1. Tell me, which residue of the range 414-425 that is free of Cβ contacts under 8 Å to residues at least 60 places away in the same chain and in a helix (DSSP H, G or I) is farthest from Pro564 (Cα to Cα)?
2. Within the range 223-257, can you find the residues that are among the aromatic types (Phe, Trp, Tyr) and surrounded by fewer than 22 Cβ atoms within 10 Å (Cβ to Cβ)?
3. Assuming Ala393 fulfils every condition listed in (1) touching a Leu at 6+ places or on another chain (Cβ under 9 Å); (2) surrounded by fewer than 16 Cβ atoms within 10 Å (Cβ to Cβ) apart from one, which condition is it?
4. How many residues are assigned to a loop (DSSP other than H, G, I, E, B), hydrophobic (A, V, I, L, M, F, W, C) and either under 18 Å from Gly409 (Cβ atoms) or modelled with pLDDT under 95 (or both) if we restrict to the range 350-392?
5. Does Ile2 satisfy being β-branched (Val, Ile, Thr), in a loop (DSSP other than H, G, I, E, B) and in contact with a Cys (Cβ under 9 Å, 6 or more places away or on another chain)?
6. Somewhere in the range 134-145, is a residue surrounded by fewer than 23 Cβ atoms within 10 Å (Cβ to Cβ) and closer than 14 Å to Gly350 by Cα?
7. Could you pull out the residue among Ala570, Ala550, Ala485 that is in contact (Cβ under 8 Å) with a residue 12 or more places away in the chain and either closer than 30 Å to Asp320 by Cβ or crowded, with 21+ Cβ neighbours inside 10 Å (or both)?
8. Can you find a residue that is among the hydroxyl-bearing types (Ser, Thr, Tyr) and touching a Ser or Thr at 6+ places or on another chain (Cβ under 7 Å) anywhere in the range 163-186?
Amino acid sequence: MIQVRENEPKYAVLRKEPSKAVNQYGKPIETVPEDNELRKDEFIINNEEQPAKNPDRYKQHGFYFNADNCIGCHACEAACSEKNDNPAHLAFRSVGFVEGGTYPNYQRLNISMACNHCDNPVCLKGCPTRAYTKFAEYGAVLQDSDICFGCGYCTWVCPYNAPQLDPVEGVVSKCNMCVDRLEVGLKPACTSACLGNALDFGVIENKPENRTQTKTDIPGFPRTDITHPNIRFQQTRSTQRDMVRVDSTAVKYHKDDATGKFKPELDPKHGFKREWNLMKLLGSHESAHVAFTLSIQAVMGAFLMLTIGAAWVDFSSVADFKQTSAFLPLLAIMVILTSIGLFKLNMHLGKPHRFYRGFYNLKMSPVSREIAGVTAFFTGLVGYSFFALFDNAFANTLQFLFAFLALAGMGLGGYYMYKLYRIPARPYWNHWHTAASFVGTALSLGNTLIALLALSFGVMTGELATVLASVIAVGLIIEGIGLLAHARDLKPSTSEGAASFYEQSTTYGYPYWLRNGLLVASIVLAISMAVSSSNAATGFILLALMVLSAAIIGRSLFYVLVIPTTMPGAFFWKNKGFVEHAREVGLADMPQLGVAYEKHHKFDVQELIQTIKDTTPKEAIAQFKRVFTG
């Protein structure tokens, strides 16, 4: 238990004063009504039961940041990291800044930010393992790293970059509001360490002494309507109309004269040179998601055609295909592709051996629901494929039941595969083009897979070629319409989406147009083959190469281009551009720079084989566990 010193300075002690009934968002500040049985007279901290000491225990607390006073000394960062014993590459509280103007009227605005313990914590709702809790005491949002399996979805949905995914340990951790200090009447460590009296803490909406404002945002702070964060600001000094980030993010903040608030806009700081960066694109951190989504959606599209298309839409040519020698090999390939996709996704987790925890939050998390749906689809696919080996009434009945399970899982998993990307904090994804892309990919890749098997086994007919080419064309057209609408809406937007469009046109400009060209060429070829009923192997092979290439490039762009509504960083710290540079040139070997190599998701087969050759069986088993469990 935290021990209060006899000479504890006044600025480190919580204020005792009356509070308001509701906050600026209309949310009650009292977290638990006075007559509620949940209110306890004791409190357990670090396994020690303590009597109640803080009369404001059941009120929502929050931070107060006076931007006029912050000098950017990083004392709050240091105190937080020391209190939580964080490694050099992690910080629950970070100091970034935005700048505006030119000499001699140059300004810098420092921003110290940690978790805002929001009224509507999207991290809690999104976490599939239920590692988060909205604490009734003090309104703190707490996270348990021992439950987390390192998917990082909370880091996607949080607009403020509060949850920190450790690239070494493979789990998330975050600010816990120092609730142990609060219980004995002390402010959090970061607040107590602030040199400039810029950071304060207390019951939300209670204005500290000698302060005049309780604003909900300042330049550089992301939108508040997503989560209703419990932080208030003072910033009385006038600023330039444009305040720019000094990190690599192509975003600046422009003052809206009508409202007086700052909105994100494009800052083309990298120029307009179109580049390739193909290896950077295809080798991104999210390549496992690329493999997973493409493989699962391709199999879903093929299964949809083999079941719904053959039975309900009455594609007789598809029904005839199911009687050929290509049908069972196709099912085997579909099972293998799904297995590979699931394996890649699981190995991408920080703690792959905790994969089963993905089912923990079916009540709220779209990730849990996607996992449940895809699991049901995979189970149904395996059962359907197994009973396809037999030809009797009992096997046919079971095959039908497994097909129904697979279709139900496809509906649930496919829908939440889309919903989990509709994240307000990531404007590039938060558009209906995501659904168009996923549906289009399923139709085009799924039917391309069927076509390749039909050609390989010599069972392609003119009628089947027409049906498959037509559905491929429809899928590509759906995706193309979504991409056109997406580009139309992103370019003029006043959000980080405009910066994503800029990166799409410059940093990855050539792959972007290559994908667009492949998509158009694929549509033309698919339509011509459908109209002419061509079942030529050359045409389908060419079509398959173009469709697959466009899908891989397009899906890689989908993950690389997203720019979240996170807090601004500094020249080095919390700067994505510098982090990438440090890892490329070896600066990440210097721990004082705060950059670490991503280790938890790497699976080096050659390293594992060499270890098995060079070590004893016991040491080899230990190495095997390290690779698979992080």
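The values are calculated or read from the model by the stated rules, or taken from the named source; none is laboratory data. A quick note: this is a predicted structure, and the numbers were derived from the prediction, not measured. Every residue, glycine among them, receives a Cβ derived from its backbone with ideal geometry; neighbour counts consider all protein chains shown.
1. Of the range 414-425, the ones free of Cβ contacts under 8 Å to residues at least 60 places away in the same chain are 415-416, 418-419, 421-422.
Still in the list and also in a helix (DSSP H, G or I): 415-416, 418-419.
Working: Tyr415: 22, Tyr416: 20, Tyr418: 18, Lys419: 17 Å.
That would be Tyr415.
2. Pass one, the range 223-257, residues among the aromatic types (Phe, Trp, Tyr): 233, 253.
Matches in the range 223-257: Phe233 only.
3. (1)
4. So in the range 350-392, the residues assigned to a loop (DSSP other than H, G, I, E, B) come out as 350-351, 360-365, 388-392.
From what's left, hydrophobic (A, V, I, L, M, F, W, C): 362, 364, 388-390.
With the extra rule that they be either under 18 Å from Gly409 (Cβ atoms) or modelled with pLDDT under 95 (or both), the set shrinks to 362, 388.
Residues in the range 350-392 being assigned to a loop (DSSP other than H, G, I, E, B), hydrophobic (A, V, I, L, M, F, W, C) and either under 18 Å from Gly409 (Cβ atoms) or modelled with pLDDT under 95 (or both): 2 in total.
5. Details: β-branched (Val, Ile, Thr): yes; in a loop (DSSP other than H, G, I, E, B): yes; in contact with a Cys (Cβ under 9 Å, 6 or more places away or on another chain): yes.
Yes.
6. Taking every residue of the range 134-145 in turn, at least one turns out to be surrounded by fewer than 23 Cβ atoms within 10 Å (Cβ to Cβ) and closer than 14 Å to Gly350 by Cα.
7. Selected residue: Ala550, the only one of Ala570, Ala550, Ala485 that is in contact (Cβ under 8 Å) with a residue 12 or more places away in the chain and either closer than 30 Å to Asp320 by Cβ or crowded, with 21+ Cβ neighbours inside 10 Å (or both).
8. The first filter runs over the range 163-186 and keeps only residues among the hydroxyl-bearing types (Ser, Thr, Tyr), leaving 173.
Cutting the leftovers down to touching a Ser or Thr at 6+ places or on another chain (Cβ under 7 Å) gives us 173.
Among the residues of the range 163-186, at least one is among the hydroxyl-bearing types (Ser, Thr, Tyr) and touching a Ser or Thr at 6+ places or on another chain (Cβ under 7 Å), which makes the answer yes.
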